[in-house]
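The values are calculated or read from the model by the stated rules, or taken from the named source; none is laboratory data. For clarity, every value in this text was computed on a predicted model and none was experimentally measured. Don't worry about glycine lacking a Cβ; one is built from the backbone with ideal geometry, like all the others, and counts go over all protein chains shown.
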Amino acid sequence: FYANFRRVCVLFLVMEKSKQMYHCFIIKINHEQQKEFRDTARKFAREEIIPAAPHYDKTGEFPVPLIKRAWELGLMNSHIPEHCGGLGLGIFDACLITEELAYGCTGVQTAIEANSLGQMPVIIAGNNDQQKKYLGRMSEEPLMCAYCVTEPGAGSDVAGIKTRAEKKGNEYIINGQKMWITNGGAANWYFLLARTDPDPKAPANKAFTGFIIDADTPGVQPGRKEINMGQRCSDTRGITFEDVRVPKENVLIGEGAGFKVAMGAFDKTRPPVAAGATGLAQRALDEATKYALERKTFGKVLAHHQAVSFILAEMAMKVELARMAYQRAAWEVDEGRRNTYFASIAKAFAGDIANQVASDAVQVFGGNGFNSEYPVEKLMRDAKIYQIYEGTAQIQRIIIAREHLAKYTV
Amino acid sequence: MSARVLVGVKRVIDYAVKIRVKPDKTGVVTDGVKHSMNPFCEIAIEEAVRLKEKKLIKEVIAVSCGPQQSQETIRTALAMGADRGIHVDVSGKDYENLGPLQVSKILAALAKKEDVRLIILGKQGTFASQVDFQEDSLKVEREIDGGLETIKIKMPAVVTADLRLNEPRYATLPNIMKAKKKKIDTVKPSDLGVDLSSQLEVLSVEEPSQRQAGVKVETVEDLIKKLRDSGRI
């Protein structure tokens, strides 16, 4: 099966503090297949997403034709296991695809990525029946799903969510309000985190339960589409749950296991988010470089002025490092290891540099950069959310500090 | 129909890449440069796969002549729907000297060996813009300078694909994965009894001369004066 691939070996050195030993990790990438996946994603992004992106940014409408096309090409739902009709790709492959799509438009890419986020709890914690039912249908038609955890009153503080689920016979009755749910209006089903233990002193790892909820269940009321700074074609809404009845078969793992399920999804979805930010940064770098090689000032092209070439150099440094960071995080989890440390580093770094690089790109374009006829102002608006969703930049730092310090304490 | 179709796919420098001549003028820079399937070969593969989907032919074989990397191009053809691939292994000096005459000898030998009824290639050739498959002949519509011409040809035949023949499909991810199970055979030109010696020798390769900037003039008199001054009239 692997007879014809070329191996690309990358050596990483990791120091295990307690033993002061160097471990060398060698990455074996199935080079050819990944290149082909990436090429298909790249072709789709450059030929179909890029021309349509400005229109969707202006109107804010959900990019149904692009999503349908991505689904047809197999670029969506890459994590769905093979027994549910999916490709069962690893996180590394998914990241390569995500970076290419994000290069085209991060609004479109976020709509697609939110599917992976919604599915991940079912992939990691769903039983056979749940997987067949809710993941199977994603492979049969281009459906969307959503991850409902954030509330108007609780974002970073997940343990502070107030949506409650009360057990009544064979069902749970859900009441509460969710906010900033990507794909909220387009989803066919939701992963929802709700509090099942009313005791305020109950610890987080016992008080919450994860549910799968069909969007057409009575009582589910998506709010209006929110108009955001960037990634405007992505559908973000508040959702109200009023006496929504969910069968107990739709509980993931069991009552009280929700927090672990919700957080466990992030280790697999943060690397692709970092990849998305990297794709945006790469696009900003490419656009700025092309402009800097065309625009002339003081007798030579912008790029030949050291002030500008240094800006481009630093942009390039950041893009390359962000890419290596997400690849490391993705590879670690694909190898079966806990990658929380690397995933948080990748997401934090990529989110920050995406903002810096997009802002630098506007700077290189000068007055033109500020204008909507040129592509870079959109990149700057789109980049901001990468420091906020999927764990804010500050939360990532809390996680990184915790993981880092844990290596030093005995 | 039990016919087999052979499609030539060539690995070339990607059409979006800016081509540069090597400093020693012996050729163009290929090291580290992105290569992909010739866009016209993509159109040829697409046409062959469509004929197969219409159940007019039985099997699509993708052929590429070149070094090891040509197998990537064959893989792309397989991901688009070709059934199997043949890689004619030509490398080094032989590859640099590989010209149309040698390739056509190879394709002819392969066509005989694999009992192929139709060969579809990227243009330059008969520039087909529409192909209709009949029992044992082919109706081909092609664009010529004066308009459109429809001709009927007997098979085995060679048809080349023009831009407007079709819109090549993407290699979807599921198809890329399926393609890995498809076979690629490797043969040497000597196995096919083909002699690769070339009558041509490349003396030097140069970039086309830079376009000179034009000059704008105000009146017809100015124009005539300038033309006279530069000795053109």
Inset, instruction - State all residues of the range A:152-174 that are touching a Phe, Trp or Tyr at 6+ places or on another chain (Cβ under 9 Å) and part of a loop (DSSP other than H, G, I, E, B); if no residue qualifies, say none. - result: A:PRO152, A:GLY155, A:ILE161, A:THR163
Legend entry - Filter result for the condition that a residue is exposed (fewer than 15 other Cβ atoms within 10 Å of the Cβ) and closer than 18 Å to A:VAL158 by Cα, over A:ILE388, A:ILE398: A:ILE398
Inset, instruction - Run down A:TYR103, A:TYR147 and say which single residue is among the hydroxyl-bearing types (Ser, Thr, Tyr), buried (at least 19 other Cβ atoms within 10 Å of the Cβ) and over 15 Å from A:ARG237 (Cβ atoms). - result: A:TYR103
Inset, instruction - For the range B:43-71, name all the residues that are within 14 Å of chain A (Cβ to nearest Cβ) and part of a loop (DSSP other than H, G, I, E, B). - result: B:PRO67, B:GLN68, B:GLN69
Legend entry - Cross-chain or 6+ apart pairs with Cβ under 8 Å, the range B:147-160 first and without any contact (Cβ under 8 Å) to a residue 12 or more places away in the chain, then among the β-branched types (Val, Ile, Thr): B:THR150/B:VAL140
Inset, instruction - State which residue pairs qualify: first residue within 14 Å of chain A (Cβ to nearest Cβ) and inside the range B:179-197, second residue part of a loop (DSSP other than H, G, I, E, B) and buried (at least 18 other Cβ atoms within 10 Å of the Cβ) in any location, beta carbons under 7 Å apart, and separation of 6 or more residues or different chains. - result: B:LYS182/B:ASP83
Legend entry - Members of the range B:72-104 found to be in a helix (DSSP H, G or I) and either polar (S, T, N, Q) or on the phi > 0 side of the Ramachandran plot (or both), listed by number: B:THR73, B:THR76, B:GLN102, B:SER104
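Residue-by-condition table, conditions (1) in a helix (DSSP H, G or I); (2) of a type outside the set (A, V, I, L, M):
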{"residue": "A:SER234", "(1), (2)": "no, yes"}
{"residue": "A:ILE239", "(1), (2)": "no, no"}
{"residue": "A:GLU249", "(1), (2)": "yes, yes"}
{"residue": "A:ALA262", "(1), (2)": "yes, no"}
{"residue": "A:PHE266", "(1), (2)": "yes, yes"}
Inset, instruction - Kindly check whether there is at least one residue in the range B:27-36 that is surrounded by 15 or more Cβ atoms within 10 Å (Cβ to Cβ) and of a type in the set (Ser, Thr, Tyr). - result: yes
Legend entry - All positions within the range B:216-233 that are at negative phi and part of a loop (DSSP other than H, G, I, E, B): B:LYS216, B:VAL217, B:GLU218, B:THR219, B:SER230, B:ARG232, B:ILE233
Legend entry - Filter pass, B:LEU110 being assigned to a helix (DSSP H, G or I) and within 14 Å of chain A (Cβ to nearest Cβ): no
Inset, instruction - Would you mention how many residues in the range A:170-204 are touching a Ser or Thr at 6+ places or on another chain (Cβ under 6 Å) and closer than 21 Å to A:ILE388 by Cβ? - result: 4
Legend entry - Failed criterion for A:GLN177 (all others in (1) at pLDDT 95 or above; (2) part of a loop (DSSP other than H, G, I, E, B); (3) of a type outside the set (Lys, Arg) hold): (2)
Legend entry - In the range B:160-177, the residues that are within 11 Å of chain A (Cβ to nearest Cβ) and part of a helix (DSSP H, G or I): B:LEU173, B:PRO174, B:ASN175, B:ILE176, B:MET177
Inset, instruction - Determine the pairs where a residue that is small (Gly, Ala, Ser), located within the range A:79-91, has a partner that is in a loop (DSSP other than H, G, I, E, B) with Cβ atoms under 8 Å apart, the partner being 6 or more residues away or on another chain. - result: A:GLY86/A:ASN77; A:GLY86/A:SER78; A:GLY86/A:HIS79; A:GLY86/A:ILE80; A:GLY88/A:HIS79; A:GLY88/A:ILE80; A:GLY88/A:PRO81
Inset, instruction - Please determine, by comparing only the residues of the range A:53-89 that are part of a helix (DSSP H, G or I) and among the β-branched types (Val, Ile, Thr), which one is farthest from the other protein chains (Cβ to nearest Cβ). - result: A:THR59
